[in-house]
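One structure is given below, encoded as structure tokens.
The values are calculated or read from the model by the stated rules, or taken from the named source; none is laboratory data. This structure is a prediction, so every number in the text was calculated from the model and none was measured. Every residue, glycine as well, gets a Cβ built from its backbone with ideal geometry; the counts of neighbours run over all protein chains shown.
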Amino acid sequence: MARRVEYKHNQVALLDPNLPEAVHYQGIINFLNRSRLHVALSADPYISLVYIQQFWDTVHQDIDVDPHVLRATVNNIEIAISEDSIRAALDLGGNAEDPISYPNTLIMGCFQRMGYRGRQNDTQARKAGTDGLKMALQTAMVALTLNKRFNFLLYFYREMVMQINPVEGQGFLMYPRFIQMILNHLIPDLPQHAIRLTLTPMSKRIFTDCTKVKQQNAALILVNTPLFGHLINPDYVAPPNDNWFHPHELAQVQGVNVQPQPQQPAQQPQIQVPIQPQIPIPEQVPIPQVAVNIPIQEPVQEEL
């Protein structure tokens, strides 16, 4: 099936903190420049369009080996893409045992420290002109903020598997920049093809657009909060276990109230999990027990 090119997909991130338009975003840009995502966000390889087409035309998942791999033929060379090869090509670090999800109380506690005051389900819905944020990406945000482990490799591998057999007429040449980086890693002497795929550069409008979203959604509850955790401190140590703050950060989380999740429709089974804070906190600060409803969901397509 012929796949289309989306020139604004998998763009190189705009990570120059000195841009006048980025004056309000310098802190988060500085963090991204030193984060484990820096290479994946900023690498700008020569992308040979024919190789990306060959990859998606021939790729399939081999489930007869453990761990599973993706096999494809590019420039008449058979390749096998594993989580390890993705890790090396994108320089993401981590290991295969890293988690891809965290408890809801950890996610919502961290989100509320960021200033979010909605329900967790609202972050997963696309409505009112705002983008949803699926559970895996919520976990990734929390992991980056609190310097916790997260298996970016498994997440990306699953996303690639989901793109193997797209709905007829909806197929795109997904992740061209990442795939070219993986091909360059697996086939170091792969020649550049004459037809280059040039992605649309990320515009500086992204900064002004972020401001417009805030102005156009006056009904949203906006809370200005300073950066915290690993976002501001390169030496920040992750809170232990499933905690989302250290005892010495107690003053920063006063007033944060992680509420139980609302009931989902009956067709979605619920699991009641009692969550008890594990951080030692002075006795004069009572911490109530919270019950969380965790919806069981199938993996969904994410676009990087």
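The single condition among (1) in a loop (DSSP other than H, G, I, E, B); (2) under 27 Å from R149 (Cβ atoms); (3) at pLDDT 65 or above that Q261 does not meet is (3).
For the range 1-24: of the residues being surrounded by 13 or more Cβ atoms within 10 Å (Cβ to Cβ) and among the β-branched types (V, I, T), which is nearest to S85 (Cα to Cα)? Residue satisfying both the conditions and the ranking: V12.
Table: residues versus (1) loosely packed, with under 14 Cβ neighbours inside 10 Å; (2) within 30 Å of V256 (Cα to Cα).
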| residue | (1), (2) |
| --- | --- |
| Q26 | yes, yes |
| N33 | no, yes |
| I52 | no, no |
| V59 | no, no |
| V69 | no, no |
| L92 | no, no |
| I107 | no, yes |
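Which of the residues belonging to the range 165-212 are within 22 Å of L49 (Cβ to Cβ), among the β-branched types (V, I, T) and loosely packed, with under 13 Cβ neighbours inside 10 Å? Passing the criteria: I195, T198, T200. What's the total number of residues in the range 53-91 that are part of a loop (DSSP other than H, G, I, E, B) and on the phi < 0 side of the Ramachandran plot? The total comes to 8. One residue stands out in the range 167-186 among those that are touching a helix residue (DSSP H, G or I) at 6+ places or on another chain (Cβ under 9 Å) and in a loop (DSSP other than H, G, I, E, B): the one that is nearest to P45 (Cα to Cα), namely Y175. The single condition among (1) touching a residue at least 40 places away in the same chain (Cβ under 8 Å); (2) in contact with a Leu (Cβ under 7 Å, 6 or more places away or on another chain) that S42 does not meet is (1).
All of V39, V50 fail the test of being under 21 Å from E83 (Cβ atoms), assigned to a helix (DSSP H, G or I), at pLDDT 95 or above and not basic (K, R), apart from V39.
Restricting the first member to the range 224-252 and to residues that are closer than 26 Å to H24 by Cα, and the second to residues that are acidic (D, E), the beta-carbon pairs closer than 9 Å and six or more apart or on different chains are F228/E249; G229/E249. With the condition kept exactly as written, say whether any residue in the range 205-221 is more than 16 Å from V12 (Cα to Cα), modelled with pLDDT under 95, outside any loop (DSSP other than H, G, I, E, B) and of a type in the set (A, V, I, L, M). There is at least one residue in the range 205-221 that is more than 16 Å from V12 (Cα to Cα), modelled with pLDDT under 95, outside any loop (DSSP other than H, G, I, E, B) and of a type in the set (A, V, I, L, M). Which of the residues belonging to the range 7-35 are touching a residue at least 40 places away in the same chain (Cβ under 8 Å) and touching an Asp or Glu at 6+ places or on another chain (Cβ under 8 Å)? Answer for the range 7-35, where residues must be touching a residue at least 40 places away in the same chain (Cβ under 8 Å) and touching an Asp or Glu at 6+ places or on another chain (Cβ under 8 Å): H9, V12, A22.
If I filter the range 134-183 down to residues being β-branched (V, I, T) and in contact (Cβ under 8 Å) with a residue 60 or more places away in the chain, which single residue comes out as nearest to A89 (Cα to Cα)? Step through it out loud before you land on a result.
Step one: list which residues in the range 134-183 are β-branched (V, I, T), which gives 139, 142, 145, 161, 164, 167, 179, 182.
In the following step, the residues that additionally are in contact (Cβ under 8 Å) with a residue 60 or more places away in the chain were identified as 142, 145, 161, 164, 179, 182.
Numbers: V142: 24, T145: 24, V161: 18, I164: 20, I179: 9, I182: 5 Å.
For the range 134-183, the residue satisfying everything is I182.
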